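Values in this text are rule-based calculations from the coordinates and carry no lab data. Model, not experiment: these values are computed from the prediction. Methodologically, a virtual Cβ is constructed for each residue, glycine included, from the backbone with ideal geometry; neighbour enumeration extends over all protein chains shown.
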Amino acid sequence: MGSVKQHSQLPIIDFTKKTLDLSSSSWKSTSEEVVRALEEYGCFIAIYDKVSLELHQVIFGASQELFDLPTETKVLNTSDSPSHGYIGQVAKIPLLEALGIENATTLEGVQKFTNVFWPNGNHHLSETALSYSKLVAELNQMVLRMVSETYGVEKDCESLLGSMYYLLRLIKYRGPKENENNVGLFPHTDQTFMSILHQHQVNGLEIKAKNGEWVLIDLLSPSSFIVMAGDICMAWTNGRIKPPLHRVIMSGNEERYSLSLFAFIRDLIIQVPEELVDDEHPLQFKPFDPYNYLHFCCSVEGRKSNCQIKSYCGI
């Protein structure tokens with residue numbers, strides 16, 4: 001399993017207000033830091049204060065209330081897209097429960113979710129989830145712009161942003177019982193374009209470093225977010241950015257609540273920009289449909305694969 005380091009080795013990048021202005025001198029230097037971190041680690045910690053402490057508390061409070069609902073209610077959170085709805089009571093990962101809000105940056109998306117549980121609506125929850133998702137999506141969009149500009153492929157950025165939709169996943173891990181495995185989530189990469197992870201008080205996320213060590217990520221500040229590349233980003237950047245292998249290990253009895261805003265692409269064929277193909281970086285991936293890729297990952301072939309994106313569209 002490898003030893004676990006107890007501290008964060010990830011780059012920490014400041015996304016507080018001064019960085020956010022496209023015309024500021026710090027935009028370019030931050031962009032270079034972002035690309036360096038993604039190329040080196042596949043992820044980084046963003047310090048991002050647009051999500052206020054109050055919103056942080058309210059969204060996690062709402063999340064806890066949702067998970068307190070009876071299981072027969074939670075299973076009503078269904079989806080046609082793989083792993084976009086309720087996940088729980090899974091024998092291999094008994095500590096994990098998750099709910100999914102599809103199209104979480106739209107009022108229709110959050111209302112569709114809340115109406116499943118509250119047929120007359122739940123205005124407070126809808127507003128909270130929508131505000132949170134929109135603010136975190138802004139961070140995702142900034143990172144994508146920074147990567148696109150640094151690589152000189154701005155023209156691709158607009159079509160990607162235009163085809164992006166967001167899944168807000170609310171996640172709860174309970175502590176393991178006596179003699180129960182403490183794995184909350186097995187090692188994996190995300191099938192997203194990009195994922196932004198946020199947690200409430202209890203650590204547990206570990207990332208596999210290049211030397212094979214598992215590093216426990218300390219995210220105790222409410223303004224700390226992990227920005228993580230997914231498989232789709234790896235294909236789009238022609239392998240320059242690789243998604244990090246990560247897992248969740250529960251070390252105590254305390255419940256762990258976290259949020260993931262997953263950026264997916266729909267109705268767009270992803271292909272490597274010609275600017276990212278050269279002698280040093282020969283073409284690694286064929287054009288592919290990222291939505292079909294999600295279905296491939298759930299297939300027998302996809303589940304057996306060591307690197308799903310390479311199995312699906314690698315050259």
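By the Cα gyration tensor, segment 163-315 has an equivalent ellipsoid whose semi-axes, rounded to whole angstrom, run 30, 16, 16 from largest to smallest.
All other residues whose Cβ lies under 13 angstrom from that of N140 are scored, Lys and Arg at +1 and Asp and Glu at -1, for a net of +1. Return the single residue from S79, S260, S223 with maximal mean-square fluctuation; model: Gaussian network over the chain, springs between Cα atoms under 10 Å. Greatest mean-square fluctuation among the candidates belongs to S79.
Sum up the charges of everything whose Cβ sits under 11 Å from the Cβ of I249, counting Lys and Arg as +1 and Asp and Glu as -1, but leave I249 out.
Charge balance in the 11 Å sphere: +1.
Neighbour counts of C-beta atoms inside 10 Å place H84, H246, H295 in the sequence H295, H84, H246, starting with the fewest. FRET efficiency for the S159 to T78 pair, using the beta carbon distance and R₀ = 25 Å, is estimated at 0.25.
Separation of segment 91-135 and segment 202-220, taken as the distance between their Cα centroids, equals 28 angstrom. For segment 32-109, a Kirkwood hydrodynamic radius built from all Cα pairs, placed in the Stokes-Einstein relation at 37 °C and 0.692 mPa s, yields a translational diffusion coefficient of 211 µm²/s.
Over all orientations, the chain has a Cα convex hull whose mean projected area works out to 16.3 square nanometres. Comparing K17, K134, K208 in a Gaussian network model of the chain (Cα springs below 10 Å), the most mobile by mean-square fluctuation is K17.
If r is the Cβ-Cβ distance from E54 to V277 and R0 is 41 Å, what FRET efficiency results, to the nearest 0.05? For R0 = 41 Å, the calculated efficiency reads 0.30.
Summing Lys and Arg as +1 and Asp and Glu as -1 over all other residues whose Cβ lies under 15 Å from the Cβ of L55 gives a net charge of -2. For segment 4-313, relative contact order (Cα pairs under 8 Å, six or more residues apart, normalised by length) works out to 21 percent.
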